[in-house]
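Let me begin by presenting the structure, written as C-alpha cells, before commenting on it.
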Amino acid sequence: MTTKKDLLGAEDNSKSNKNQNWLNRLSKSNDFVHEQTSLKEEEPYWLSYYRTLISSDILHKDVLPFLQEQLSLEELKRIIPVEVIIFTNDPKEIIQNLMRGFLALQMNEDDEQCLLINIANSKFRDVSVSMMESSAVGPQVGFIEEIDTNINLIRKRLPVPELLVIEMKVGELSKTNVAVIYLDGIADPENVNTVVQRINDVQYDHIQDSAYLSSMIEDNSNSLFPQSISTERVDRVAAGLTEGKIIIAVDGSPNLVIVPITLFEAFIAMEDYSYSWIIGNFFRLLRYVALYLSTIVSPMYVAIMTYHYELIPAPLLETLVGSRASVPFPPFLEAFFLEIMIEMVKEAGIRLPFKIGQSLGVVGGIVIGQAVVEAGLTSNVLLILVGLGTLASYTAPIYKFSNTIRFIKFPVIILSQWFGLFGVFLGHQFIYVHLLRLTSLGRPYLSMFPIRTTSFQDLWFRLPFSKQQENPTTIRPQKKRKATGNRENPEPVNDFYE
Amino acid sequence: MQVNKRHQVSPYLVYFIVYNSQVGVGILGFQRTIAAKAGYDAWIGVIVAGCFVQVFIWIMYKLLEKADGDIVDVHSKVFGNILGSVLSFIIMIYYWLASVSVLLGFIEIIQVWMFPTLPSWIICSLILGLVYYCVSGGFRIVVGVSFLSFIFPQIMLIVLYIFPLREAHFTNLLPIMNHSFNDMFDAVKNSMYTLAGTEALLMFYPFIRDAKSSKKFAHLAVLFTTLLYTVSAIVSFTFYSESQIKETIWPELSLIKIIRLSYLERFEYLYISMYLIIVSALLALLLWCSTRGLKRILKKKQKNFLIILSLLSVVISQLINEQFKVVLDKYVTQMNLWIFYGYIPILLIILTILRRRKQNG
C-alpha cells in the first residue's frame, strides 16, 4: 500500500513546495533529465523529461531552436510546431504527462507554471496482415498494439461523425488508455452505458491486454464460453459497429473486443461475405457441423466401444474391433491419452518459435502418432477420429472459441465413460442449458430462441445481400434496416424472355 | 398477479411449451395400454381424447382469463386464502407426483434397455441435477429447453417411422369400429393420461406476453401431439399383431430396433439417450410449475422447494419397488382425470356464477 502511495499519490503534497516535490519524486529515476538551456542560474529555460520516452529528433528540430530567443511560455506555446502543448501548474497533470513522453518547460526551476510539450517517441510495429484470423480472400489488414492507429483504421472505414469514442484510463499502475467506440444512433444507449459503467468499476493494477478487460466486464466469468469476441480484423469490427455493437479498444492490445455478441457470431468468418452466398453458406454450415463433430467424436467412440458396440453393424464392427484388438487399454484411457497428447503437441507448437513449431508438428503428429499405433497403444480408427476432431475444432473463426470447443470434450469423454451415450447427451444438454442461461451484456447469448427472422438473414445463414435487409435484432440496434433499396437480379436478356 | 415483463415469453412459444408438457415417456409405451381392450380401434380413442384436451385447453383459458393470473389466484379468489391455498397445494403435489412418475418411467427404461446395474438414485440425481440447473435459470430457460425438446427429437420421432412403415400391414386396422362403447371408452381414458400435461398452463399462463393471442398456438400444439400419438399408434398397430402388441411393454422402442443402416443399427440406444432431452424438459416444466406454486402459496424461496422436491424424488426413486410404482401411476392418472377434467370445469362454472352475482348485485 505504501509503495502505491509513493507511486501515485500526489495528494499529500503541500502547496508551498509543489514544484520541488514533483521534481524530487521524478529525479529518483536515472533516466529522468532535468537540465537548463542557458549557463546562468537565473535565465530560462529548465527542461525536464524522461530520456527513454521522448524522441530526441523532435526535441532538437522542433523545440530547442525556439528556445534561443528567451520568449515567454505563452509565446512559445504559439510558435512551437507540436500539436499537443499544455500550459499548466497542476503537479498531478505534469507528472502524468511527463510519464507519457512530454517535455516540461519552465522559466525558473522554482516556477509552478509549466509548459508541457508532446515529444513522445511512439514506436510500434507497422500495420500488417492479421496473424490469428487470416483469410484467403478479402481484406487482410489487422490491428496493431497502438490504440490511436487502431481507431484511425476504424474511422477510415466508417467516416461518419456518428462514430463516437469514449476514452478512459483503466489500471491503477498501468493507466491504460481504453476507448469505447460505437455508432451513435445505432448502438443501444443502454448497452453503451453498461459497458462504460463496468469499465469504470474495474479496479485492477494493470491491464495488459483487451482480454483482461473483457473478462473483467463479462456477465459470467465462470463460463467456458467467451461472451465477447476479440478480433484483430478491421472489417469485422467495422461491420459489428454498423450492426449496433460496441467496440472496446485497449492500448497495447492488437485485439479489439466486440460486445454484446451471440454464440453464432463466433461461427462467422468475414470471408463468408467474399464468396457467392451459396458457397459462403456452405462453409458456414460446414463450420457448425465441424465444431459439433469435434465435441462429439471422441466421446461417441468411448461410449460405443465401452457400452454400446451393438450400435455398429457387424462388418464395420469387425474393422473397429480389429484395429484395437492388440490395445491393452480400455477405450476411455486410449481416447483420453490421445486427446491429451494432441493438446500437448498443439501447446508446444504455440510456445515454440514458428520454424521449430512447424517441424514439431511433423514429429508430434506424424511420427508419434504412427509409432503409437504401431506399438499397439491406440487403434488406427481412434487416431483418425481424434485427428478429425482436432482438425474440426480449428475451423472456428475465433481462436478463443476453438479452445473452448476443444476443452468441452474432456468432461464429455468422462461422462461417456461413466454413462455411455446417455452421458454424452447429458453433457450436451448441460452445455445447452448453460448456453441458454448465458447472457452477453444482459442479452441472450444463444440467439437460437426466441427465433428472430433476422437470424436467418445473416447469422445462422448468410443470404444474398439483396435479402439481408435488416440488422440482427437480438442486441436491439436503434437502426432496424441496413438496406433501403432492394436490387434483385435483372431479368436475363435473351430470346426466351422476349 | 402480474409478472415482470422481462420474464415473459412470446405467445408463439406456448406451442413448444404445450408440446413439451404432453410428450413424455408415455409415447414409448401407450400403444399397449390403449390396445388392451379396444384392440386395433384404439387409435380412434387417441383422436377422441385429443378433442377432449382441446376442450380442456379452452376451459383453462376461460378460467385464467377471468382471474387474470394462475390457478393460485383463481383459488384465492373463489375460495378465499386458506381453503384456496389447500386446493392449490393439492395441484402442486399433483405436478410433483407427475414429475416423479415420468422420472421413474424413464429410469425404468434406462435400466431395462441400457444399464441394468446402474442404481436408480444415480440416474435420478444426474437428471435432476440437470433439471435444477435448468429451473434455477427461470421460466425463460424452461421454455428454451422445451424448444429444443421439440426440434431435436422430432428427427427421431417422425423420421424413424419410415422404417417400420415399410413393413406395415394396414389391413390390420380393418374393420374399423368393431369394439363396444365400453372398450372404446377405456382406450379414451388411457389416452387421456398419455396426452395429459397441458394442465401446466394453469401455472405458466401469467408468463405469456399477450396471453390471449397465444390460444391458437396451444390448440395447434395439442393438435400436433394428437396427430403424433395417432400416427405412433397406427404405426405400431400396423406393425405388430394384436397379441404381440399386448405383450410388448414399449412398442415404440421395439419398433426402432428393426432399423438398420450400413453404419448404424440398434437405434434404440441412441433414441433412449436422446430421450433425455425430452424428459429433462418435461421434468423442468413440471417441477417449475410445482415449485412456483409452492412459492406463491407458502411465500418461501422457490430454490428451497426445488431442492426439497428433488431430494425427495431421489429418495423415492431408490426406495420404490415395482408395486408402488404401479400404485403411484394409478394415483397420478386418477388425480389427473378427477382434478383436471372433473374439478376444473366445475371451478369455471363457480367462478362464472360468482362473477355474474357480483355484476348483478
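The values are calculated or read from the model by the stated rules, or taken from the named source; none is laboratory data. Computed from a predicted model, the values in this text were never measured in an experiment. Cβ coordinates were reconstructed from backbone atoms using ideal geometry, including for glycine residues, and neighbour counts include every protein chain displayed. Note: areas computed on protein heavy atoms with side chains; ligands, DNA, RNA excluded. Shrake-Rupley method; radii C 1.70, N 1.55, O 1.52, S 1.80 Å.
Below, the figures for the structure above:
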{"item": "Residue count for the range B:248-270, restricted to those that are part of a helix (DSSP H, G or I) and at the interface with chain A (Cβ under 8 Å from one of its Cβ atoms)", "result": "2"}
{"item": "Qualifying residue in the range B:75-91 (condition: modelled with pLDDT under 95, under 30 Å from residue B:230 (Cβ atoms) and away from chain A (no Cβ under 14 Å))", "result": "yes"}
{"item": "Filtered residue count, the range B:112-135, keeping only those that are assigned to a helix (DSSP H, G or I) and more than 11 Å from chain A (Cβ to nearest Cβ)", "result": "6"}
{"item": "Those residues of the range A:443-481 which are among the basic types (Lys, Arg) and either under 30 Å from residue B:150 (Cβ atoms) or crowded, with 18+ Cβ neighbours inside 10 Å (or both), in sequence order", "result": "A:443, A:452, A:462, A:467, A:476, A:480"}
{"item": "Residues satisfying the stated conditions in the range A:403-429, i.e. closer than 25 Å to residue A:285 by Cβ, touching a residue at least 60 places away in the same chain (Cβ under 8 Å) and away from every other protein chain (no Cβ under 14 Å)", "result": "A:404, A:405, A:406, A:407, A:408, A:409"}
{"item": "Residue match in the range B:149-160 (condition: over 19 Å from the mean Cα position of the chain (by Cα), closer than 30 Å to residue B:266 by Cα and either away from every other protein chain (no Cβ under 14 Å) or assigned to a loop (DSSP other than H, G, I, E, B) (or both))", "result": "yes"}
{"item": "Candidates A:303, A:290, filtered to the one that is within 14 Å of another protein chain (Cβ to nearest Cβ), in contact (Cβ under 8 Å) with a residue 24 or more places away in the chain and small (Gly, Ala, Ser)", "result": "A:303"}
{"item": "Residues (of a type in the set (D, E, K, R) and outside any helix (DSSP H, G or I)) located in the range A:296-336", "result": "A:324"}
{"item": "Which listed residue, of A:266, A:249, A:239, is in contact with a Leu (Cβ under 8 Å, 6 or more places away or on another chain) and either crowded, with 22+ Cβ neighbours inside 10 Å or in a helix (DSSP H, G or I) (or both)", "result": "A:249"}
{"item": "Odd one out for residue B:179 among (1) more than 10 Å from chain A (Cβ to nearest Cβ); (2) open to solvent by 60 Å² or more (accessible area, probe 1.4 Å); (3) over 30 Å from residue B:258 (Cα atoms)", "result": "(2)"}
{"item": "Unique match (being surrounded by fewer than 21 Cβ atoms within 10 Å (Cβ to Cβ) and either among the aliphatic types (A, V, I, L, M) or touching a strand residue (DSSP E or B) at 6+ places or on another chain (Cβ under 8 Å) (or both)) among B:272, B:307, B:256, B:277", "result": "B:307"}
{"item": "Some residue of the range A:282-291 being in contact with a Lys or Arg (Cβ under 8 Å, 6 or more places away or on another chain) and at pLDDT 90 or above", "result": "yes"}
{"item": "Hits in the range B:242-253 (condition: over 18 Å from residue B:110 (Cβ atoms) and open to solvent by 50 Å² or more (accessible area, probe 1.4 Å))", "result": "B:242, B:243, B:244, B:246, B:247"}
{"item": "Meets criteria (in contact with a helix residue (DSSP H, G or I) (Cβ under 7 Å, 6 or more places away or on another chain), facing chain A (nearest Cβ under 9 Å) and in a helix (DSSP H, G or I)) for residue B:107", "result": "no"}
{"item": "3 or more residues of a type in the set (S, T, N, Q): qualifying helices (runs of 4 or more DSSP H) within the range A:363-454", "result": "A:380-393, A:399-437"}
{"item": "Residue A:186 being within 24 Å of residue A:261 (Cα to Cα), surrounded by fewer than 20 Cβ atoms within 10 Å (Cβ to Cβ) and touching a residue at least 40 places away in the same chain (Cβ under 8 Å)", "result": "yes"}
{"item": "Scan of the range A:353-362 for residues that are farther than 17 Å from residue A:343 by Cβ, assigned to a helix (DSSP H, G or I) and not hydrophobic (A, V, I, L, M, F, W, C), ordered by number", "result": "A:355, A:358, A:359"}
{"item": "Test result for residue A:173, at pLDDT 85 or above, assigned by TED's automatic domain parsing to the domain that holds residue A:31 and not in a helix (DSSP H, G or I)", "result": "no"}
{"item": "Residues (open to solvent by 70 Å² or more (accessible area, probe 1.4 Å) and in contact with a helix residue (DSSP H, G or I) (Cβ under 6 Å, 6 or more places away or on another chain)) located in the range B:313-353", "result": "B:318"}
{"item": "Residue within the range A:204-212 that is open to solvent by less than 10 Å² (accessible area, probe 1.4 Å) and part of a loop (DSSP other than H, G, I, E, B) present", "result": "yes"}
{"item": "Within the range B:1-42, tally of residues that are surrounded by fewer than 24 Cβ atoms within 10 Å (Cβ to Cβ), among the β-branched types (Val, Ile, Thr) and within 13 Å of chain A (Cβ to nearest Cβ)", "result": "1"}
{"item": "Answer from B:166, B:140 - the residue that is within 11 Å of chain A (Cβ to nearest Cβ), open to solvent by 10 Å² or more (accessible area, probe 1.4 Å) and not β-branched (Val, Ile, Thr)", "result": "B:140"}
{"item": "Residues satisfying the stated conditions in the range A:405-421, i.e. under 15 Å from residue A:339 (Cβ atoms) and open to solvent by less than 30 Å² (accessible area, probe 1.4 Å)", "result": "A:405, A:406, A:408, A:409, A:410, A:412, A:413, A:416"}
{"item": "Single match in A:302, A:321 (criterion: touching a Pro at 6+ places or on another chain (Cβ under 8 Å), in the same structural domain as residue A:423 (by TED's automatic domain parsing) and within 21 Å of residue B:267 (Cα to Cα))", "result": "A:302"}
{"item": "Yes/no for residue B:354 being under 24 Å from residue B:294 (Cβ atoms) and either of a type outside the set (S, T, N, Q) or part of a loop (DSSP other than H, G, I, E, B) (or both)", "result": "no"}
{"item": "Close pairs (8 angstrom Cβ cut-off, 6 or more residues apart or separate chains): within 15 Å of residue A:115 (Cα to Cα) and at pLDDT below 85 in the range A:53-68, part of a helix (DSSP H, G or I) and of a type in the set (A, V, I, L, M, F, W, C) anywhere", "result": "A:66/A:76; A:66/A:79; A:67/A:76"}
{"item": "Qualifying residue in the range B:158-177 (condition: at pLDDT 90 or above and aliphatic (A, V, I, L, M))", "result": "no"}
{"item": "When residues of the range B:59-97 are limited to those that are among the β-branched types (Val, Ile, Thr) and surrounded by fewer than 15 Cβ atoms within 10 Å (Cβ to Cβ), the one farthest from the chain's Cα centre (by Cα)", "result": "B:82"}
